[in-house]
1. Could you look through region 149-186, keep only residues that are of a type in the set (A, V, I, L, M) and assigned to a helix (DSSP H, G or I), and pick out the one that is surrounded by the fewest Cβ atoms within 10 Å (Cβ to Cβ)?
2. Does Phe40 satisfy being over 19 Å from the mean Cα position of the chain (by Cα) and surrounded by 18 or more Cβ atoms within 10 Å (Cβ to Cβ)?
3. Out of (1) out of contact with any Asp or Glu (no Cβ under 6 Å at 6 or more places or on another chain); (2) surrounded by fewer than 16 Cβ atoms within 10 Å (Cβ to Cβ); (3) free of Cβ contacts under 8 Å to residues at least 60 places away in the same chain; (4) of a type in the set (S, T, N, Q), the odd one out for Ser146 is which?
4. One residue is enough: does region 214-232 have a residue meeting the conditions under 16 Å from Leu312 (Cα atoms), in a helix (DSSP H, G or I) and at pLDDT 95 or above?
5. Among the listed residues Tyr139, Tyr205, which satisfies the condition of being closer than 17 Å to Tyr290 by Cα, of a type in the set (Ser, Thr, Tyr), in contact with a Lys or Arg (Cβ under 6 Å, 6 or more places away or on another chain) and buried (at least 18 other Cβ atoms within 10 Å of the Cβ)?
6. So how many residues does region 208-224 have that are surrounded by fewer than 22 Cβ atoms within 10 Å (Cβ to Cβ) and in contact with a Pro (Cβ under 6 Å, 6 or more places away or on another chain)?
7. Can you tell me which residues in region 1-55 are over 22 Å from Asp210 (Cα atoms) and touching a Cys at 6+ places or on another chain (Cβ under 9 Å)?
8. Look at Leu240 and say whether it is touching a Gly at 6+ places or on another chain (Cβ under 8 Å), of a type in the set (A, V, I, L, M), modelled with pLDDT of 95 or more and surrounded by 15 or more Cβ atoms within 10 Å (Cβ to Cβ).
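The values are calculated or read from the model by the stated rules, or taken from the named source; none is laboratory data. Quick caveat: nothing in here was measured; it's all calculated off a predicted structure. All Cβ positions, even for glycine, are placed from backbone atoms using ideal geometry, and neighbour counts span all protein chains on display.
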Amino acid sequence: MSILVTGATGYIGSSLTFKLAGQGHDVRILCRKAPTAPEFRKPNITVVTGDIHDKRALGEAMEGVEKVFHMAAFARLWAKDKNTFHHINVEGATNVFQAALEAGVSKLVYTSTAGVIGPSNGQPMTEDRPRITGYFNLYESTKAESERRAAEFTKKGLPVVITNPSRVYGPGLDTVSNPVTKIIERYIKADWKVIPGSGDDIGSYCYIDDVVDGHIGAMEHGRPGERYIMGGVNATFNELLDTIARLSGARHKQWHVPFFALKVATKFMLFRAELTGQPPLITPDWVAKYAFDWALDSSKAQREIGYRIRPLEEGVGNTIEWIRKNRNS
């Protein structure tokens with residue numbers, strides 16, 4: 001099968017690309033320049049040079065392709081030009097949808113984010129439960145807009161399935177899209193000192209291999225026009241750190257920092273970023289987001305596309321082993 005992957009050099013995209021190539025598919029990837037990682041140098045991985053705003057390159061990438069995974073996105077905390085979020089996440093996605101429609105691909109899986117689902121309020125969120133807050137940042141709002149564009153293209157005849165991964169972690173490329181893995185690594189090295197607030201806020205932690213398999217399941221079994229939450233174990237930040245400490249054998253002193261103090265600090269970070277152009281470590285809108293619980297219910301994905309949720313101990317244990325083997329921790 002011939003498959004196109006955009007965003008193939010990202011955290012989830014690279015793992016998906018390697019898995020598809022390992023299954024024997026002919027994988028085409030659209031990149032601004034050829035990736036240098038040796039894992040991409042396989043005879044059934046073909047690089048098309050260009051990006052999602054280059055209609056010529058998109059047309060070339062789509063030619064003869066049966067299925068498309070659109071994973072390219074601007075998944076960052078901040079951009080000097082705020083229009084970057086809309087330019088890539090909405091306009092770029094629209095270009096991909098249009099090119100896929102014109103090429104007559106049989107199915108497209110679009111990777112959104114569980115951030116568009118919103119925080120929970122006493123019970124895990126599902127795909128259909130109404131959002132209880134506004135959007136916290138431009139990443140969330142532009143991904144929500146791109147989901148609406150996807151729905152429009154489904155009505156036009158392009159079969160689009162949407163996936164909504166949550167806090168993905170595990171082995172893989174070191175990118176901005178796997179902060180939980182970085183927390184695990186920094187904890188092992190005694191570099192992680194801060195617990196935001198009480199640490200009792202809930203997140204949904206999903207292992208990279210489960211998310212990759214979930215995308216393949218979405219392509220094989222997902223219903224066009226539907227979206228599928230790919231969450232994981234709903235755990236507090238304290239529970240995550242305790243699991244890391246227990247499995248790594250490393251216990252380090254942590255300091256609880258109140259959210260109001262974090263908000264003040266991040267306002268200074270944002271001010272400095274606006275002056276220097278250097279990205280801040282975190283921004284006030286992201287601090288506000290993590291003051292909420294983000295528990296998720298992935299039962300729809302489990303039921304319809306065979307999604308699996310790996311136990312936190314297994315996933316964190318695998319990640320610690322990989323970090324120590326590959327990053328000299």
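1. Kept after step one, since they are of a type in the set (A, V, I, L, M), are these residues of region 149-186: 150-151, 158, 160-162, 168, 173, 176, 180, 183-184.
After this cut, where a residue has to be assigned to a helix (DSSP H, G or I) as well, the list is 150-151, 180, 183-184.
Details: Ala150: 24, Ala151: 13, Val180: 23, Ile183: 18, Ile184: 27.
Result: Ala151.
2. Values: over 19 Å from the mean Cα position of the chain (by Cα): yes; surrounded by 18 or more Cβ atoms within 10 Å (Cβ to Cβ): yes.
When the stated conditions are applied, Phe40 passes them.
3. Result: Ser146 passes all but (2).
4. Within region 214-232, none of the residues are under 16 Å from Leu312 (Cα atoms), in a helix (DSSP H, G or I) and at pLDDT 95 or above.
5. Numbers: Tyr139 fails: in contact with a Lys or Arg (Cβ under 6 Å, 6 or more places away or on another chain).
Tyr205 is the lone residue from the list that is closer than 17 Å to Tyr290 by Cα, of a type in the set (Ser, Thr, Tyr), in contact with a Lys or Arg (Cβ under 6 Å, 6 or more places away or on another chain) and buried (at least 18 other Cβ atoms within 10 Å of the Cβ).
6. Adding up the residues that qualify gives 1.
7. Answer for region 1-55, where residues must be over 22 Å from Asp210 (Cα atoms) and touching a Cys at 6+ places or on another chain (Cβ under 9 Å): Val47, Val48, Thr49, Gly50, Asp51.
8. Taking the combined requirement at face value, the residue satisfies it.
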